[in-house]
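Reviewing the structure listed below.
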Amino acid sequence: MDLPAQTEVVGTSTHPPFCIISSGNSSINWNLRIEKQPTKEGLTPKQFILDAVKSVESPEGTVTLAQMEMTIGAQKGWWHVLHHSKQVEQSIIGRLAILAPGQQMIMATVVTNLEGWKYGQEQIIRILQSIIPLDPVALLTKKMQSLDAASALLSTLNEESLRPFDGFEEWRRIQAIELDGSLRDIGYAYVAVGLGSMQEIESTNSTKNEPPTGIIVTFQSRLVPNLETGVVSDTDAKYWMSWDGQDERWSSKTTRWVDKINATISETGLRNRPQLGAPKSKLLVVTQDLTTNLIESPFESEITNPWLPRALTWISGLLISNVTSDTTYRWWCYDNIEKQNILTRIDSVVVHFNETKTLATQFGEGTKSTNSTFDNSGHLIQQTIQNNAVITGSTKERLSKIWAPLNL
């Protein structure tokens with residue numbers, strides 16, 4: 001289903017399966033509920049809709065605005081619209097039904113008002129006509145294949161495969177996408193890969209003479225979302241991962257500052273491989289406010305395999321650099337963008353004729369994807385984050401020309 005950029009998925013459920021989508025636009029306000037229900041053999045979409053309409057008592061003054069066949073891909077659905085003309089809210093309810101594999105019926109219900117219908121009708125119909133009924137058996141097969149692909153890729157992690165990552169580095173330019181489509185610089189980032197041990201993440205003493213036990217990914221960024229307020233957000237983080245990806249540790253500090261006022265939050269993560277008596281690997285993450293010395297309750301969770309180590313999330317281009325055919329990977333990972341959580345991550349790789357690769361990343365089913373393009377060496381060309389920001393590969397010199405005049 002194709003959704004406009006500003007729409008939001010505001011609710012989901014698996015039992016029964018449904019999702020609720022909001023227009024995300026106060027001037028063209030509508031809500032769409034899409035659900036799947038079992039249906040009787042031989043029941044048509046038209047009869048399904050008429051039965052649904054009859055099951056709800058309509059208020060006085062209800063007017064039928066539309067009832068007709070609607071083409072959805074190769075199928076014919078039934079579209080029915082009611083207007084409660086004597087209600088203060090002037091609500092309009094549209095219902096669409098189409099057959100789905102497995103003797104199921106997909107029903108989409110749109111709720112809006114006169115203004116939303118006047119200005120959003122074409123948009124709503126375009127969304128409905130983009131619905132693609134999916135076969136649950138095919139979906140399950142695809143899910144299992146993507147889990148197997150992730151496990152297979154992770155099984156290739158070893159010293160031999162990771163040593164070539166040593167010395168990788170890149171600068172990234174971060175820009176916000178304005179309402180008119182123009183780009184505005186809001187920051188930059190630096191990513192580098194080296195070899196090292198877990199002790200180097202927290203230790204202040206040099207351990208360079210010790211043999212490396214894995215890779216260390218360094219991530220540094222500076223964000224200035226609004227130059228007028230002058231608030232700067234600096235992140236300095238290091239992520240260690242063992243050669244086989246079974247152990248990991250990281251330390252990240254984010255400081256928000258303006259003038260001489262600053263506040264720093266630190267995050268330390270630790271995951272150990274399964275051991276005798278502890279067959280499941282566990283993740284422990286500790287967050288501390290270094291300004292107040294307040295330590296939050298630790299985040300703890302058992303790991304579900306296949307697991308994507310935190311270090312690899314920053315170097316996706318390198319991870320897929322040897323992929324030669326279109327592949328989808330499904331794994332679990334830690335995320336802290338909105339809150340500390342374990343999420344399902346779905347990465348779909350498309351390999352192009354010029355050896356570049358496009359990576360579409362989703363966190364959970366049905367979510368908007370972050371789309372990234374990498375060159376054949378794993379360096380980022382461009383990344384678009386939900387039509388809100390664009391990150392492009394850059395150089396230190398180019399970024400200095402932008403930010404040095406601002407002393408940032």
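Numbers for the structure displayed
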| item | result |
| --- | --- |
| Single match in Ile177, Ile132 (criterion: of a type in the set (Val, Ile, Thr) and modelled with pLDDT of 90 or more) | Ile177 |
| Enumeration of residues in segment 14-23 that are surrounded by 15 or more Cβ atoms within 10 Å (Cβ to Cβ) and either of a type outside the set (Val, Ile, Thr) or without any contact (Cβ under 8 Å) to a residue 12 or more places away in the chain (or both) | Phe18, Cys19, Ser22, Ser23 |
| Pick from segment 26-37, criterion at pLDDT 85 or above and in a loop (DSSP other than H, G, I, E, B), ranking: surrounded by the most Cβ atoms within 10 Å (Cβ to Cβ) | Ile28 |
| Checking Ala5 against (1) modelled with pLDDT of 80 or more; (2) loosely packed, with under 14 Cβ neighbours inside 10 Å; (3) part of a loop (DSSP other than H, G, I, E, B), the condition it does not meet | (1) |
| Gly11, sole failed condition from (1) without any contact (Cβ under 8 Å) to a residue 12 or more places away in the chain; (2) exposed (fewer than 11 other Cβ atoms within 10 Å of the Cβ); (3) under 27 Å from Lys368 (Cβ atoms) | (2) |
| Looking only at segment 50-101, and only at residues there that are closer than 23 Å to Leu134 by Cα, of a type in the set (Val, Ile, Thr) and touching a strand residue (DSSP E or B) at 6+ places or on another chain (Cβ under 7 Å), the one that is surrounded by the most Cβ atoms within 10 Å (Cβ to Cβ) | Ile98 |
| Residues of segment 272-286 satisfying the condition of being surrounded by 13 or more Cβ atoms within 10 Å (Cβ to Cβ) and either under 23 Å from the mean Cα position of the chain (by Cα) or over 21 Å from Tyr334 (Cβ atoms) (or both) | Leu283, Leu284, Val285 |
| Residue among Ala192, Ala176 that is surrounded by 14 or more Cβ atoms within 10 Å (Cβ to Cβ), free of Cβ contacts under 8 Å to residues at least 40 places away in the same chain and in a strand (DSSP E or B) | Ala192 |
| Matching option when the condition is of a type outside the set (Val, Ile, Thr), out of contact with any Gly (no Cβ under 6 Å at 6 or more places or on another chain), in the same structural domain as Ser348 (by TED's automatic domain parsing) and buried (at least 19 other Cβ atoms within 10 Å of the Cβ), among Leu153, Leu128 | Leu153 |
| Residue among Thr361, Thr373 that is free of Cβ contacts under 8 Å to residues at least 60 places away in the same chain, over 13 Å from the mean Cα position of the chain (by Cα), surrounded by 15 or more Cβ atoms within 10 Å (Cβ to Cβ) and not in a helix (DSSP H, G or I) | Thr373 |
| Gly187 vs. criteria under 30 Å from Val390 (Cβ atoms), buried (at least 16 other Cβ atoms within 10 Å of the Cβ) and in contact with a Leu (Cβ under 6 Å, 6 or more places away or on another chain) | yes |
| Test: Gly181 is in the same structural domain as Ala263 (by TED's automatic domain parsing) and either more than 17 Å from Leu380 (Cβ to Cβ) or part of a loop (DSSP other than H, G, I, E, B) (or both) | yes |
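The values are calculated or read from the model by the stated rules, or taken from the named source; none is laboratory data. What you see is a predicted model, and the numbers here were worked out from it, not measured in a lab. Neighbour counts run over all protein chains shown; Cβ positions are idealised from the backbone, glycine included.
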